[in-house]
1. How much accessible area per residue does the chain have, in Å², with a 1.4 Å probe?
2. What's the percent breakdown of Cα-Cα distances in the range 62-167 across 5 Å bins, shortest bin first?
3. Students often check this: by mean Cβ neighbours within 10 Å, which of 8-17, 130-139 ranks highest, and how do the rest follow?
4. Amide H to amide H under 5 Å from VAL39: which residues, 5+ apart in sequence or cross-chain, H placed 1.01 Å off N in plane?
5. By the gyration tensor of its Cα atoms, with a ≥ b ≥ c the square roots of the eigenvalues, what is the shape of the range 1-91: rounded for a/c under 1.5, prolate for a/b over b/c, or oblate?
6. Carbon and sulfur together cover what percent of the accessible area of the range 16-97 at a 1.4 Å probe radius?
7. Please compute P(r) over all alpha-carbon pairs of the range 117-167, binned at 10 Å starting from zero, and give each bin as a whole-number percent.
8. May I ask for the angle, rounded to the nearest 10°, between helix 100-116 and the longest principal axis of the chain, with both axes built from Cα atoms and the value confined to 0 to 90°?
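The values are calculated or read from the model by the stated rules, or taken from the named source; none is laboratory data. Just so we're clear, the structure is a prediction, and the values are computed from it rather than from any experiment. No Cβ is skipped: glycine too gets one built from the backbone with ideal geometry, and neighbour counts run over all protein chains shown. Only protein heavy atoms, including side chains, enter the accessible area calculation; ligands, DNA and RNA are left aside. Shrake-Rupley method; radii C 1.70, N 1.55, O 1.52, S 1.80 Å.
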Amino acid sequence: MPAERNGGTAVCPGSYDPVTNGHLDIIGRASNVFDHVVVGVVNQPVRKQKTLFDASERVAFIAEQVAEYGNVQVKPFDTLLVDFAREHGAKAIVKGLRAISDFEYEFEMNQLNRKMAPDIESIYFMAAPEYSFLSSSGIKELAMFGGDISGLVPDRVAARLQEELKR
Ligand code: PNS
């Protein structure tokens, strides 16, 4: 019998440049709680440098991994996050929290998003211990210097990182 879900729609937003197995763990857990999950891939993040992968490739990396869930869609967006959430009828934004170092940034984002859309609740899933050190930027650094990233990102992502970054 499929697990009962009754949380409506949630958005899991991020730059996902590229998606890691830590992100996929959060998305999978959200798909167990919410009826429907929309993964929102920021087209061009404002606070970050140009992304390594374009939005369509970042979307494709995730879509391939979440196809099995049946209740997860992946879409690029280039609007305010709360507008994207509203467009999809989402009542929650779900994000992962790793260490205390994530807290300050997420607290600020939370306040901004709450100010604009008090009706949309942000919910934080604590990272699983095996992924609590994992970040897209750390993965890119390892890949750049030939480090072993197997088990940390999907195989296709690892292969593309090798193509793009190996020196
Ligand atoms: O750290 P990330 O994963 O790149 O975060 C991206 C995102 C959109 C979740 C974060 O920047 C956020 O919550 N922004 C709220 C303000 C907003 O809507 N900005 C426009 C999209 S960058």
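1. Each residue of the chain exposes 55 Å² on average to a 1.4 Å probe.
2. 2, 10, 16, 16, 19, 18, 12, 5, 2, 0
3. Answer by packing, highest mean first, reads 8-17, 130-139.
4. Under 5 Å from the amide H of VAL39: CYS12, GLN73, VAL74, LYS75.
5. Oblate, since a/c reaches 1.5 and b/c is not below a/b.
6. Carbon and sulfur: 50 percent of the exposed surface of the range 16-97.
7. Going out from 0 Å in 10 Å bins, the range 117-167 shows 23, 40, 20, 14, 3 percent.
8. Tilt relative to the chain: about 40 degrees.
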